[in-house]
Amino acid sequence: MSDAREAMLGRIRQGLARNREFLAHEALAAPHAPPPFVHPEHDADLADLFATELRKLAAHAHLCADHDAARATLRDILGAAGVHLALTWALPALAFPGLDDDLAAIGVERRDVAIAPTAAERAAELRALEPAAACISGVDALIAESATIVVLGGAGRPRLASLLAPLYIAIARRDQVVRGLGQAIAQLQQRAAPDLFAERSSLTFITGPSRTADIEMTLALGVHGPRDVHVIIYG
Amino acid sequence: MSTSAARHATLFVSCIVDQIYPEIGLATAELLERQGVRVVVPDGLTCCGQMAFNAGFRAEAAQVAARTLEQLRDGGDIIVPSGSCGAMIRHLYHELFAGTPQAALAEHVMRNTYEVTEYLVDVLGVSDVGARYAGKIAYHDACHGLRFIGLGRQARTLLSHVADAEIVPLAGCEQCCGFGGLFAIKQRAISEAMLADKLADIASTTCDLLVTGDASCMTQIAGGLSRRGSAVRARHIVEVLANSVDARRG
Amino acid sequence: MATQSIAFHDRVDRALDNRSLQTALGRATDRFVTNRANALALVDDFDDLRARGRAIRASALAQLDDVLVRLSERIEARGGQVFWAADGNAARRYIVDLARTRAVRTIVKSKSMASEEIHLNDALEAAAFTVVETDLGEYIIQLAGETPSHIIAPCIHKTREEISTLFQDHLGMPATDDIPTMTRTARGALRQQFLQADMGISGVNFGVADAGAVVVVENEGNARLTTTAPRIHVAVMGIERVCERLEDLGVLLQLLARSATGQKLSVYTSILSGPRRADEPDGPDEFHLILLDNGRSQIIGGDYAEALLCIRCGACLNACPVYQSIGGHAYGGVYSGPIGAILTPLLQPELRDVHKLPQASSLCGACQSACPVKIAIPDMLLRLRADAVAAGRTDAIERIAMAGWSQAMRSPTLYRVGGKLASLGTRLLAREGRIGWLPPPLDQWTHQRDFPPFAPRSFTELWAERQRRAAGDGR
């Protein structure tokens, strides 16, 4: 295997001996730094901007004055959808006090995700989670100009809690909203320096409901991932 | 006008204009002269070499282009009534002559070459050439001029000052007409399909005159219009600007 | 794969004769072009973003050896495995062997051009694994036994009626052409596959060297499921699809989404760094990255290195009037459209008529204008044409014509005489100032177009006369 590696690297170096100058010249032709955001800046509040952009994607934004209002909104969404089973981030990771009580009060069973490594157990666990009508996660940032939810993986933060069910609710604090993707990436790297992936295997950007236009370019939502996306922003 | 009184320019009409559309060459000369530019046409100019270059025959293209370079060596400003030939000289001579003894001469000629509407508007600062056309004009942006020289704005400026003319918008005006040199022959079916789209766009306007800046695209579009019995005529922009549209044969 | 066995011209004719394909292509490419234009209009300075994207990609390629070493070492440090595949054969063998050793039965796949390029599904199916494409468009193509025709929208050549029939036959769906119903049907069928699959195979949009991560971009969520639910994730990446730093994504993802579909960002961007960590509740237990060379290390030292900057957005396809007319299958290879006319001859040189692909361009330049990393596609098509000539892959008649042309254009006498003959001949053929028929091979022109006769007197002659007259007038 290392032979193949060395042979490939050898071929690449041989090629670069001829074209490295051209490529290096092109590499210097412009700065590499990402702009913090790409749309023209304007005065709108970032949470409002996020909400406006999210609604354009046929998803739902809920701007709540405080934690209590956010709890009420969450109960309303789950109640209106008739949810009985929800899979969520672990409670410490969610850091949204009152969630367990609220779910119990409206008759929603909350399920943590814990996929075992063996094939049989994995399939059984996935089958048990699949009927969940809702999934609930926190966020690591919201990007206003594209209405993007940013979620890091890690302990207590299952990927499936933003993916598996037809209804997805993300809970965020107002101070988590940034304007652009460039800003969001810089912030994440700063927060988890020096190695963002030391303790996690995934970083996911979610921008609206799952969608496809594969059949006759006609938009259809919820093809594999969640069809109904709600973002609750409070504080 | 006084600012350009001392100018002289070399006119390189292109092979297709020389042999098929001499009136386009004459109209270009007239337009320049009316702006006080003294026009010179070197004897024996033929072709920029694009047809062979585009077909992959670089040796043949280089032989022809090298001769053309020599003839344009002392030409001062070089004016071509074609964005395509202009793009060949300005964009592709660099690659064609890279590492050859003519490389420096090619760079020199490239720097001095202008497409005619670009020369009128951007160099001479003219926007009204005193033309008149009583009818409706649609403008097609020929690809090479549009994308490799940045033409379009200049032609629209000049056309907007043509007295009595109404400029009507053309959907897909930046979409290729399907000419593409030998492409029109070698990929006939695709070329025809592209032309059909262009003709449909033209038919959806109220224009009676389709104007463009390249004789080659004009040949493609005119050939399609006349085969379909359309009343719309296709003309080169210099013919409109030099008031020679209705003086022309056909 | 039927498209590969017939000649290029036949594939073109077949595409142009297909009414429903023509309608679908027109609708799809129009929509993509409009959505892209709308998205770009919102951006402060898209050209600046393009310039940055090009510089970022060029920088990664300029140090590709180093970048790949960094990427692979970091992935290995995270518990992932990296396989350096010299060609498709090596990659196929590694994945088949892996599936065998791990007692895999079902494999789910999310869209991957690289795995199409090496015909991975054929190899896996030959080894008796069940392989399920999970991108809706790819799934439809798989049910139909066809190949994708567009990088972003693989089944734009199929109508809803055709798809309905497929779903009725394969999935037992009741007769309907309601698109939401069809989508739900596919979701249900594919969900069962995700739950039981042992291995997920994905493509890679970008490998990020310093993060030790791969980026998978999509809209449906099938790639997230593919890379999360099964216990083994295999990512197949062409070695050129790399960038150096995570922050590079702040440029590249913005360019990709807007150029591909006109979205500000695609719905899902998964940045994946090895297998799940010990305390992570889900994700794959094994992560394998296939670094696929398959000719790329040759390209990087040649005249077409710039083509490796491509981020596979499909904008050049949508912008191309030739692609709009003939669609992806006519190109015969995995990569279609203008960039495919460059990549296919380089990556799949064994395909029939592959040297003719660079001829399938009017050189209008719309591709380069649309390209988010400003690849000089027309210049490279011209170079490929020159290569074909240099290799002697041209018609004799063309060679003779070009030699004659070159002679005539360099000799004033020949040029004048040739012009006179052409003028005489074309005026004989002309009726009412236009020519409706020319002899072969020029009959290709007059098939649907008239041609003008050459002028009785050339510009050169008229100009000389004008100068004489002016001199005579004493001007």
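Odds and ends about this structure:
- Selection over the stretch C:51-77 of residues that are surrounded by fewer than 18 Cβ atoms within 10 Å (Cβ to Cβ), charged (D, E, K, R) and within 10 Å of chain A (Cβ to nearest Cβ) gives a count of 1.
- With a requirement of 1 or more residues that are within 9 Å of chain A (Cβ to nearest Cβ), the strands (runs of 3 or more DSSP E) lying completely within the stretch C:231-298 that satisfy it span C:268-272, C:286-292.
- For the stretch A:137-153, the criterion of being at positive phi, part of a loop (DSSP other than H, G, I, E, B) and without any contact (Cβ under 8 Å) to a residue 24 or more places away in the chain is met by no residue.
- Residue match in the stretch B:186-195 (condition: hydroxyl-bearing (S, T, Y) and either surrounded by fewer than 21 Cβ atoms within 10 Å (Cβ to Cβ) or farther than 27 Å from B:F12 by Cβ (or both)): no
- Residue list for the stretch B:13-37, filter: at the interface with chain C (Cβ under 8 Å from one of its Cβ atoms) and outside any helix (DSSP H, G or I): B:V13, B:I20, B:Y21
- All positions within the stretch B:38-47 that are touching a residue at least 24 places away in the same chain (Cβ under 8 Å) and part of a loop (DSSP other than H, G, I, E, B): B:V41, B:P42, B:G44, B:L45, B:T46, B:C47
Residues are listed down the side, and each one gets a yes or a no for (1) free of Cβ contacts under 8 Å to residues at least 60 places away in the same chain; (2) over 22 Å from B:V129 (Cα atoms); (3) touching a Pro at 6+ places or on another chain (Cβ under 9 Å):
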residue	(1), (2), (3)
B:L199	yes, yes, no
B:G213	no, no, yes
B:A222	yes, yes, yes
B:E239	no, no, no
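- Among the residues of the stretch C:430-456, those that are within 30 Å of B:T10 (Cα to Cα) and more than 7 Å from chain B (Cβ to nearest Cβ) comprise C:P453, C:P456.
- Index of the failed condition, C:S115 passing every other in (1) hydroxyl-bearing (S, T, Y); (2) under 25 Å from C:R92 (Cβ atoms); (3) out of contact with any Ser or Thr (no Cβ under 7 Å at 6 or more places or on another chain); (4) within 11 Å of another protein chain (Cβ to nearest Cβ): (4)
- Residue selection: A:A172 fails the criterion of being part of a helix (DSSP H, G or I), surrounded by 22 or more Cβ atoms within 10 Å (Cβ to Cβ), in contact with a strand residue (DSSP E or B) (Cβ under 8 Å, 6 or more places away or on another chain) and more than 8 Å from every other protein chain (Cβ to nearest Cβ).
A quick yes/no check of all residues on (1) loosely packed, with under 14 Cβ neighbours inside 10 Å; (2) under 22 Å from the mean Cα position of the chain (by Cα); (3) of a type outside the set (F, W, Y); (4) under 26 Å from C:D282 (Cβ atoms):
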{"site": "A:L57", "(1), (2), (3), (4)": "no, yes, yes, yes"}
{"site": "A:A61", "(1), (2), (3), (4)": "no, yes, yes, no"}
{"site": "A:R71", "(1), (2), (3), (4)": "no, yes, yes, no"}
{"site": "A:L85", "(1), (2), (3), (4)": "no, yes, yes, yes"}
{"site": "A:W89", "(1), (2), (3), (4)": "no, yes, no, yes"}
{"site": "A:P97", "(1), (2), (3), (4)": "yes, yes, yes, yes"}
{"site": "A:A105", "(1), (2), (3), (4)": "yes, no, yes, no"}
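- Selection count where residues are outside any helix (DSSP H, G or I) and within 13 Å of another protein chain (Cβ to nearest Cβ), scope the stretch C:315-354: 3
- Helices (runs of 4 or more DSSP H) wholly inside the stretch B:48-166 that include at least 1 residues being within 13 Å of another protein chain (Cβ to nearest Cβ): B:50-55, B:58-72, B:83-87, B:93-97
- Cross-chain or 6+ apart pairs with Cβ under 7 Å, the stretch C:365-392 first and under 15 Å from C:G302 (Cα atoms), then aromatic (F, W, Y) and outside any helix (DSSP H, G or I): C:M380/C:Y304
- Failed criterion for C:A305 (all others in (1) touching a residue at least 60 places away in the same chain (Cβ under 8 Å); (2) more than 7 Å from every other protein chain (Cβ to nearest Cβ); (3) touching a helix residue (DSSP H, G or I) at 6+ places or on another chain (Cβ under 7 Å) hold): (2)
- Some residue of the stretch B:179-201 being at pLDDT 95 or above, among the polar types (S, T, N, Q) and part of a helix (DSSP H, G or I): yes
- Applying the condition of being part of a helix (DSSP H, G or I) and aromatic (F, W, Y) to the stretch C:119-177 and asking which residue is nearest to C:L347 (Cα to Cα) yields C:Y139.
- When A:A24, A:A17, A:A93 are screened for being within 16 Å of A:C135 (Cα to Cα), within 14 Å of chain C (Cβ to nearest Cβ) and either small (G, A, S) or in a helix (DSSP H, G or I) (or both), only A:A93 passes.
- Look at the stretch C:394-411: where a residue is assigned to a helix (DSSP H, G or I) and a partner is among the β-branched types (V, I, T), sitting 6+ places away or on another chain with Cβ atoms under 7 Å, you get C:S406/B:V64; C:M409/B:T46; C:M409/B:V64; C:R410/B:V64.
- Meets criteria (hydrophobic (A, V, I, L, M, F, W, C), away from chain B (no Cβ under 12 Å) and either assigned to a loop (DSSP other than H, G, I, E, B) or surrounded by fewer than 18 Cβ atoms within 10 Å (Cβ to Cβ) (or both)) for C:I375: yes
The values are calculated or read from the model by the stated rules, or taken from the named source; none is laboratory data. Because the structure is a prediction, the values reported are computed rather than measured. Neighbour counts run over all protein chains shown; Cβ positions are idealised from the backbone, glycine included.
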